[in-house]
1. Mind checking which of Val42, Val33, Val53 has the largest fluctuation in a GNM of the chain, springs on alpha carbons under 10 Å?
2. Just how many % of Cα pairs in the stretch 1-40 lie over 17 Å apart, if you round to the nearest whole percent?
3. Given H placed on each backbone N at 1.01 Å, which residues far from Gly48 in sequence or on other chains put an amide H within less than 5 Å of it?
4. On a 0 to 90 degree scale, rounded to 10, what angle separates helix 3-14 from the longest Cα axis of the chain?
5. Would you mind working out the magnitude of the charge dipole of the chain relative to its Cα centre, with +1 at each Lys and Arg C-beta and -1 at each Asp and Glu C-beta, to the nearest 20 Debye?
6. If you take every residue apart from Gln54 with its C-beta less than 9 Å away from the C-beta of Gln54, what net charge results, scoring Lys and Arg +1 and Asp and Glu -1?
7. Using θ = phi - 60° and the Karplus curve 6.51 cos²θ - 1.76 cosθ + 1.60, what whole-Hz ³J(HN,Hα) does each residue of the stretch 28-36 get, with Gly and Pro shown as x?
8. Taking every pair of Cα atoms in the stretch 11-97, average 1/r, invert it to obtain the Kirkwood radius, and report Rg/Rh to two decimals.
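Every read-out reported here was derived from the displayed coordinates using simple, explicitly stated rules and does not represent laboratory data. As the structure is a prediction and not an experimental result, all values here were calculated from the model. Cβ sites come from the backbone with ideal geometry, for glycine too, and all protein chains shown count toward neighbours.
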Amino acid sequence: MNKAELVSAMAKTAGITRGQAEKALNCMQDCVVDAIRKGEKVTLVGFGTFSTVQRRARTGRNPQTGAEIRIPAKKVPKFAPGIQLRDAATKGRARKK
């Protein structure tokens, strides 16, 4: 499913226009990005948690030359799925509350 298909599904499920659904999705994305940028966690119970983690500096290899290179430490976004999402992926359906 791509973004356009998700917007259509959201509009149909919520009984709103595609424009309203796209605006809601874009707002959700912007809010998550802003929170992550500030170092905050975003937890959607049952769906999952968006957060950041610090990766340590490490040594890697250039695949073309085989030379060792230093990969610097950095913060990266992380998503941890919630129980309902995990169940839906493993069992093909979401758990009812």
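1. Comparing Val42, Val33, Val53 in the GNM, the peak value goes to Val53.
2. On the way: 275 of 780 pairs.
Of all Cα-Cα distances in the stretch 1-40, 35 percent exceed 17 Å.
3. Gly82
4. 30 degrees
5. Working: 21 positive and 7 negative charges, 82 e Å.
It works out to roughly 400 debye.
6. Working: positive: Arg55, Arg56, Lys74, Lys75; negative: none.
Net charge around Gln54: +4.
7. Values, residue by residue: 4, 4, 4, 5, 5, 4, 4, 5, 4 Hz.
8. On the way: Rg = 18.8 Å, Rh = 16.3 Å.
Ratio of gyration radius to Kirkwood radius for the stretch 11-97: 1.16.
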